[in-house]
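All remarks here apply to the structure that follows.
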Amino acid sequence: MSYSFLSHLECSRTGDRYEADEVQGVSEAGAPLLARYDLERARASVTRDEIAGRSPDLWRYHELLPVRDSRHVTTLGEGMTPLLPLPTYGAAIGVPGLLMKDEGLIPTGTFKARGAAVGVSRARELGVKVVAMPTNGNAGAAWSMYAARAGIGSLIVMPVDAPEITRRECVAAGAELYLVDGLINHAGALVKAAVEERIGYQEVSTLKEPYRIEGKKTMGYEIAEQLGWQVPDVILYPAGGGVGLIGIHKAMREMQELGWIGDRLPRLVAVQAEGCPPIVDAFEAGLEESTLVPGTHTLAFGINVPKALGDFIVLQAVRESEGTAVAVSDEAILKEVQKLAAAEGSWICPEGAACLAAARELRESGWIGEHEQVVVLNTGAGLKYPETVEVDVPVLASDEAVPASRDQAPD
């Protein structure tokens with residue numbers, strides 16, 4: 001029995017076929033390549049019940065992942081993160097059926113570990129010696145860690161303003177790390193030039209290799225499985241490069257062909273920051289792709305992407321699912337970080353909080369109904385972003401008593 005039913009790669013613009021068992025970048029049209037599977041054979045070979053009995057990680061869906069030989073699987077136990085009910089917070093915003101897919105509990109602390117696990121495993125299988133990428137921080141941290149696990153090298157370039165913890169993760173993993181005084185597109189230009197000069201290096205920038213998206217799509221498989229092979233009404237996703245949103249939509253389409261879910265798709269919401277809203281702008285203008293937004297800035301650094309290579313695929317997925325695109329303010333993001341932690345005991349990343357801010361706005365506008373089942377993607381642990389919570393508390397002397405509780409009524 002095949003470990004993977006990977007068939008070929010397909011240009012996301014032209015539909016042209018490409019060989020899957022060679023190291024590939026983008027298509028001749030300059031577009032991302034998408035992995036395609038023999039879904040008919042997969043449907044005949046594995047059932048949902050069989051998957052339910054497997055190890056609780058993303059490799060439980062290995063027939064629909066690109067690694068052909070299990071010996072090349074590089075794993076730190078990633079996947080099957082909890083789908084947490086948010087009853088107190090959900091009731092407060094008028095969405096009692098609110099759920100959170102909490103990717104903060106995955107290795108390296110963000111959902112980037114999914115793409116790294118599958119991308120590095122496939123790179124290892126194809127004989128790549130070093131993976132190279134620009135990053136806003138978390139992807140570089142994840143890929144450098146998984147590259148170390150696989151015994152291959154990593155070259156990482158990130159903006160100097162990226163979260164400090166991510167550069168420390170890269171250094172700890174032994175990556176060749178550089179900082180650039182600019183944004184991720186400037187880091188990308190440096191990586192591209194370096195890879196052209198070096199032998200055995202593969203550029204694994206967002207959607208410039210075909211397999212990161214395959215790791216990210218497992219979030220869609222997990223959400224459906226965790227809901228008893230049903231889909232929610234709405235999924236909100238923080239879209240920078242948009243790989244996870246594309247992947248979730250791809251997973252839903254694959255599961256439909258496999259007969260694992262019904263005909264209904266969840267409405268997908270691409271969430272961005274007001275300081276960097278290229279996909280939102282394109283959606284509202286009815287455009288098929290975005291234009292470069294200069295001078296972008298947001299504290300949600302993971303979605304500070306002025307122009308995404310796969311923006312047209314994100315827009316297709318949103319429209320095909322009858323979804324929408326929303327931009328929220330940094331002020332709203334910070335408020336939701338603290339509101340969720342106080343209500344549910346979960347400290348999430350700014351990008352995840354952006355989804356909560358968007359859910360609040362969409363419920364207020366009526367786009368989300370009161371009785372709909374809504375999933376927000378929290379893409380990372382709040383502990384990686386300590387600057388989102390200011391600590392201004394009293395300092396007591398060693399012989400001083402703790403004051404009466406603020407909640408205690410006076411005598």
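The values are calculated or read from the model by the stated rules, or taken from the named source; none is laboratory data. Small disclaimer: the values here were computed from a predicted structure and weren't measured. Reconstructed Cβ throughout: ideal geometry from the backbone, glycine too, with neighbour counts over all protein chains shown. For the accessible areas, the whole protein counts, side chains as well, though only heavy atoms, and no ligand, DNA or RNA atoms are used. Shrake-Rupley method; radii C 1.70, N 1.55, O 1.52, S 1.80 Å.
The angle separating the long axis of helix 243-258 from the principal Cα axis of greatest extent in the chain is about 60 degrees.
In straight Cα distance, which lysines are under 17 Å from LYS335, not counting same-chain residues fewer than 8 positions off? Partners within reach: none. With one equal scatterer per alpha carbon and no solvent term, the Debye-computed log10 I(q)/I(0) for segment 22-66 at 0.14, 0.29, 0.32 1/Å reads -0.49, -1.07, -1.18.
With Cα atoms as the point set, segment 332-411 shows a radius of gyration and Dmax of 17.5, 56 Å. Taking all protein chains together and a 1.4 Å probe, the residues GLU50, GLU372 rank GLU50, GLU372 from largest to smallest accessible area. Between amide H atoms placed 1.01 Å from N, distances below 5 Å from VAL180 occur with MET158, VAL160, all of them 5 or more places distant or on a separate chain. The heavy atoms of THR47 present about 60 square angstrom of accessible area, all protein chains included, probe 1.4 Å.
Let a ≥ b ≥ c be the square roots of the eigenvalues of the Cα gyration tensor of segment 241-380; is it rounded (a/c under 1.5), or, if not, prolate (a/b larger than b/c) or oblate? Note, shape of segment 241-380 comes out oblate.
Between the C-alpha center of segment 98-151 and that of segment 22-95 there is a gap of 14 Å.
Cα convex hull of segment 171-268: how many Å³ per residue? Don't skip to the answer; put the middle values down first.
Values: hull volume 13.6 nm³, N = 98.
That works out to 139 Å³ per residue.
Phi-derived couplings, Karplus 6.51 cos²θ - 1.76 cosθ + 1.60 at θ = phi - 60°, listed residue by residue for segment 34-49: 10, 6, 10, 10, 7, 6, 5, 5, 4, 4, 7, 9, 9, 10, 4, 5 Hz, with x used for Gly and Pro. The string of couplings for segment 198-214 from the Karplus curve (6.51, -1.76, 1.60, θ = phi - 60°) is 10, 8, x, 9, 10, 6, 10, 4, 3, 6, 9, 9, x, 10, 4, 4, 5 Hz, one whole number per residue in order, with x for Gly and Pro. Only alpha carbons enter this Debye calculation for segment 196-244, each as an equal point scatterer, and the log10 of I(q)/I(0) it gives at q = 0.27 Å⁻¹ is -1.05.
Among 256-268, 129-141, 225-237, how do they line up from the highest to the lowest mean number of other beta-carbon atoms within 10 Å?
Details: 256-268: 16.8, 129-141: 26.3, 225-237: 20.0.
Descending packing order for the listed peptides: 129-141, 225-237, 256-268.
Convex hull of alpha carbon positions in the chain: directionally averaged projected area 22.9 nm².
Structure remark: mean-square fluctuation, Gaussian network model of the chain, C-alpha springs under 10 Å; the largest value among GLY119, GLY188, GLY380 belongs to GLY188.
Count Lys and Arg as plus one, Asp and Glu as minus one, and take only other residues whose Cβ is under 14 Å from that of GLY151; the net charge is then +3. Pairs from the table (LYS307/LYS339; LYS112/LYS384; LYS129/LYS307) lying more than 25 angstrom apart at Cα are LYS307/LYS339; LYS129/LYS307. What percentage of all Cα-Cα pairs in segment 27-159 are separated by more than 23 Å? Every Cα pair in segment 27-159 considered, those over 23 Å come to 47 percent. Using a 10 angstrom cutoff on alpha carbons, build the Gaussian network for the chain and name the most mobile of VAL171, VAL395, VAL46. Residue with maximal mean-square fluctuation among VAL171, VAL395, VAL46: VAL395.
In a shell of Cβ-Cβ distance under 15 Å around GLU10, excluding GLU10 itself, what net charge do Lys and Arg (+1) and Asp and Glu (-1) give? Could you put the intermediate results ahead of the total?
Details: positive: ARG13, ARG17, ARG36, LYS217, LYS250, ARG253; negative: ASP16, GLU19, ASP21, GLU22, GLU28, ASP38, GLU209, GLU214, GLU254, GLU257.
Net charge around GLU10: -4.
The phi torsions of segment 387-402, fed into the Karplus equation with coefficients 6.51, -1.76 and 1.60 and a -60° offset, translate into couplings of 5, 6, 10, 7, 10, 10, 10, x, 9, 9, 5, 4, 9, 9, 7, 5 Hz, rounded to whole numbers, with Gly and Pro shown as x.
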